[in-house]
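Below is one structure, written out as structure tokens; comments come after it.
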Amino acid sequence: MVDAVANAIGQCVGESDWAIAAATIEPTHMHLLMTYTTRDVDKTAMWLAQRTTKAVHQETPFTGPVWCEGKWLGFIFDEKHWRSTREYIERHNIRRGLGPQPWAWITPQ
């Protein structure tokens, strides 16, 4: 399931004006650190959820809900907070033995 989600996010990044500076995809949740965009953040989150759900249903035998109701969105306005958030996300990947930026669509900022 993680691979299907990662592939779908990579496709979304390729179609977007924003980049992902850090990401981790866990079996139970994911963290994305996205660069600024003028797009509506709620619509962007919904689009990502729809695209990743479609990918999971097409690429795996899983047919149930992929994401829970709701989401948590935070906004970062200073470099120190950005850096600590990126490091927090990267530690998830390191703990899983993947390295800090395991997908080609991550653009460290």
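FRET efficiency for Arg83 and Thr60, Cβ-Cβ distance as r, R0 = 30 Å, nearest 0.05? Please list the in-between numbers first.
On the way: r = 35 Å, r/R0 = 1.15.
It comes to 0.30.
Please give me the summed charge of the neighbours of Glu59: other residues whose Cβ is under 14 Å from its Cβ, Lys and Arg +1, Asp and Glu -1.
Net charge around Glu59: +1.
What whole-number distance in Å separates the alpha-carbon centres of the stretch 61-79 and the stretch 15-52?
8
Longest exposed-loop-site-free stretch of the chain, with chymotrypsin sites (Phe, Trp or Tyr not before Pro), DSSP loop and at most 15 other Cβ within 10 Å?
With chymotrypsin sites (Phe, Trp or Tyr not before Pro) excluded where exposed in loops, the chain gives 1-35 as its longest stretch.
Quick one: net charge around Pro100, please, counting Lys, Arg +1 and Asp, Glu -1 for every other residue with C-beta under 14 Å from its C-beta. The partial results should precede the final answer.
Working: positive: Arg83, Arg86, Arg91, Arg95, Arg96; negative: Glu87, Glu90.
Overall, the nearby charge balance is +3.
Tell me the angle of helix 41-59 to the major Cα principal axis of the chain, expressed in degrees between 0 and 90 and rounded to the nearest ten.
40
Can you list the HN-Hα couplings for the stretch 91-107, worked out from phi with the Karplus curve (6.51, -1.76, 1.60; θ = phi - 60°), rounded to whole Hz and with x for Gly and Pro?
Running phi through 6.51 cos²θ - 1.76 cosθ + 1.60 with θ = phi - 60° gives 4, 4, 5, 4, 4, 8, x, 9, x, x, 10, x, 10, 5, 7, 7, 10 Hz.
About its Cα centre, what dipole magnitude does the chain give when the only charges are +1 on Lys and Arg Cβ and -1 on Asp and Glu Cβ, stated in debye to the nearest 20?
160
Readers should treat all values here as calculations from the given coordinates under stated rules, not as data from a laboratory. From a predicted model like this one, the values you see are computed outputs, not experimental measurements. Counting neighbours? That spans all protein chains shown, and the Cβs are built from the backbone with ideal geometry, glycine included.
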